[in-house]
Every structure is written in structure tokens, then in C-alpha cells.
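Here, each number is a calculation from the coordinates, and none is a lab measurement. Keep in mind that what you see is a predicted model, and the values were worked out from it rather than measured. Positions of Cβ are backbone-derived with ideal geometry, glycine not excepted, and every protein chain shown enters the neighbour counts.
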Amino acid sequence: MSPAQLISFARGAPSLDIIDIAGLKAAAVRAFDADPAGVTAYGTSTGYPPLRKWIADKHGVAVENVLITNGSLQADAFLFDHLVKPGDDVVVEKPTYDRTLLNLRTLGAKVHQVTLEPDGISTAELRSLLDSGVRPKLAHIIPNYQNPAGVTLSLAKRHELLALAEEFGFTIFEDDPYADIRFRGEALPSMLSLDTKGVVVHACSFTKTICPGVRVGYLVGPAGVIDPIAKKATNLYISAGQVAQGLVHEFCVSGDVDKSIATVSAALGERARILGESLRTRIPGVRFTEPDGGYFLWVDFPEDVHVDKLLPEAANRGVAIVKGSDFLLEGGEHSVRLAFSAVTVDEIDEGVRRLAEAVEAVRG
Ligand SMILES: Cc1ncc(COP(=O)(O)O)c(C=O)c1O
């Protein structure tokens, strides 16, 4: 591997070798053959009907509760825009997905970051916040293999959050694109499936299980949330791309999506393991928890490693990382997020070797 070749631990996207190109091509042909009128039409903003039905069945909800969007980031943006007005309180995890922070702050929300523990958001800290009089419109939670920290919300905390949402009248926004990318352990039920009071709105996506380029994600929620967002989507763009949705539908009903999930999960599980081994071997004093699934691993360096210095040193050596501080309102100066999704097995140890050199340069 040439030293000039960039090794990126920055992007939360699957590498090309684990995307089922042949399966996607075949699914596109089947979509055009099966429903040429449907996939070439405008369609409606709620989504391509056969895919909407497939998603509804997957989550055990009525089709009316599903809205398909151009990736789940658009689902997030629609929901934030619908629920959050300037000055409204919102709760997010600490750390959380950088675009969530950015989008909520752009909307003028008062963002409260609540500590993320190895078993998910601190419900004790959230309760104290609520007891102090803060009344959030929503709590944004990434329950499985969290971006950026890799941790998973325990079953007990899922129940606690539902009880808090009911007691204090806020929406739980369950942003869940990583649920199916599991390396070990049992899948936990979504809060959507545990919800009996209509307090959960759920978002998911085919980005992490198929590929980001299809740009197909969705929201599942009560009609009171889905209907006004669908109206807004109609005025904005009439409908999300029907060709992509038709392709995704064929890919799903054929069972290819399950094969793709198995491929991605196996590959990422191996990459996470190798990344953990390399970090332990090459960078003394580094701390991290190996995730049970997903795309990311969060690394804490010793106090003398500042990310503002580390990033350029790493970039000079051809390795890309993301600063911990991007995921926090304050702090994170000694932490980074490493994505192991876009690197191949061969690149990981070399990437960590370069990172170790950058750490040495910063400390030296
Ligand atoms: C928690 C979370 N939500 C939403 C997204 C957006 O994904 P997409 O729009 O590709 O579905 C991501 C992507 O990294 C994410 O990590």
C-alpha cells in the first residue's frame, strides 16, 4: 500500500467490496419489468406502495404509519422541522451523530446533551433534567450500535425511556439505521415495538444494509405525525425517487437484503475485531469499547493528545479520522470516532500504524 493512499476511518459508509452490485442490477431490471408504469411515475410522497407495505410488515404497523424519504437524514430533518420550534428544548445523547446536533442547532433548538453510558443514555441524568423543569419536545436516541460511540441501549433503559416520555409528554425519536448490523448477541426489541402510547417515532434506512446511493430511508409514526410531513414532502418534491424505491423493494422481497445484511455484518465484525487488536497493540494508553455491531468505534486518548493537533498529523500521514468534539457541544478534545466500514481488512493495521505515528508526533 503506497504511503500516499488515503486510509479513511472517517466515513460511515460500506466499502464497495461488500455492496451487492450484481444483486442491485438484477433488482433494477426486475423492478422495471414488474412495474414499468409504477417506477417511472411521479408516485406519491408517502412512498412506492409495495415498498411501503414491505416496511410496514417488517415493523408490524399499518402502511398509513410509514413515510419513505430520500435517506433517513431527510426523515430526521422532516421530524425535527415538524416538532421543534426555535427555543424548544430537545434531548440528545452525549456524544451524538454530528448532523443531528447541527440540524437541531440550525433550527434554534435548545439542545441538552445527556451522558451516554455503556448501556445507552443515562436515564438517571435525563430524569434529573426533567425534574429540574426542562420539558423537551423530543429525545433523539440512536438505540443500536450508536453513532459515534458504538454502544447499545439496554432493554431496561428502553422501558424507562418509554415511561419517562409518557410521564413528561415528549416524543422519543428512535433513529435506528444500524439495528440489523449485528456481530454478536441477541437483537433487542425496538422502542417502536414496545410503545403502547404512541410516543415513539422511528427512522431507519437502507444505507447501512444495502448502500447509501439508493437514498432510501423512512419514518414510522402515528398518523398525526406522518400525515402533515407527507403534505410538506408533496409540496417540496412531489415524491422520493420511485426507481430507487422499486429497486430496493425487489432487493428486499427476493431475500437479497438478508444476504447483504449477512455480508456487511460479517465483514464489519471482522474489521472491528482487527481494528481493536491493532489499537491495543500499536497505541499504548488508548481506551475504547468494542461494539457488538454497527459501523463505529469511539476512542479516548490520553490527555496529552489533543484532536486539533492529531487530525492534521494524521492527515499528513494519509489517514482520515473524525474529531470527538464534532459530536459534542463541549468536550471531546481527546477522543476520535473511527469508522471501520469503509476500510478493507488490509488497510486497517496500516491505518492504525499511521495513526500511532501521528499520536507520537503530537505527544513528542
Ligand atoms: C444515526 C444516523 N441517522 C441518520 C443517518 C443518515 O443516514 P441516511 O440518510 O443515509 O439514511 C446516519 C448516517 O450516518 C446516522 O448515523
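Rank by packing, highest mean first: peptides 277-283, 45-51, with packing defined as the count of other Cβ atoms within 10 Å averaged across residues. Could the numbers behind the result be given before it?
Numbers: 277-283: 16.4, 45-51: 22.6.
Those peptides, ordered most packed to least, come out 45-51, 277-283.
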*What is the Cα centroid distance between region 150-177 and region 197-217, reported in whole angstrom?*
17 Å
*Taking the Cα-to-Cβ direction at Val29 and at Tyr237 and moving 7 Å from each Cα, how far apart do the two end points lie in nm?*
2.9 nm
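Just add up the charged neighbours of Ala179: K/R +1, D/E -1, any other residue whose Cβ is under 15 Å from the Cβ of Ala179. Mind showing how you got there, number by number?
Working: positive: Lys58, Arg158, Arg182, Arg184, Lys208; negative: Glu174, Asp175, Asp176, Asp180, Glu186, Asp258, Asp292.
Its environment carries a net charge of -2.
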_Label-to-label distance, nm, for residues given as Ala163 and Tyr42 (7 Å Cα→Cβ offset)_ = 4.9 nm
*Normalise the Debye intensity by I(0) for region 204-345, one equal point scatterer per Cα, no solvent, then take log10 at q = 0.11, 0.18, 0.19, 0.21 Å⁻¹ and round to two decimals.*
-0.62, -1.06, -1.11, -1.22
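Grab the alpha carbons of region 21-254, take their convex hull, and tell me the volume per residue in Å³.
Details: hull volume 27.6 nm³, N = 234.
Looking at region 21-254, the number lands at 118 Å³ per residue.
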*Cα centroid separation, region 1-51 to region 243-287 (Å)*: 16 Å
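Please report the relative contact order for region 21-254, taking Cα pairs under 8 Å with a sequence separation of at least 6, and give it as a percent rounded to a whole number. Numbers along the way, then the final one.
On the way: 411 pairs, mean separation 71.7, N = 234.
The normalised contact order for region 21-254 reaches 31 percent.
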*Order of Glu347, Glu186 - criterion: other Cβ atoms within 10 Å of each residue's Cβ, fewest first*: Glu186, Glu347
*Which of these, Lys323, Lys309, Lys197, has the largest mean-square fluctuation under a Gaussian network model of the chain (Cα springs below 10 Å)?*
Lys197
*Taking Lys58 as the anchor, which lysines have their alpha carbon closer than 28 Å to its alpha carbon, excluding any fewer than eight residues away along the same chain?*
Lys25, Lys137, Lys157, Lys197, Lys208, Lys231, Lys232, Lys259
*Which loop-located trypsin sites (Lys or Arg not before Pro) does region 9-53 contain, where loop means any DSSP state but H, G, I, E or B and the Cβ has at most 16 other Cβ atoms within 10 Å?*
Arg11
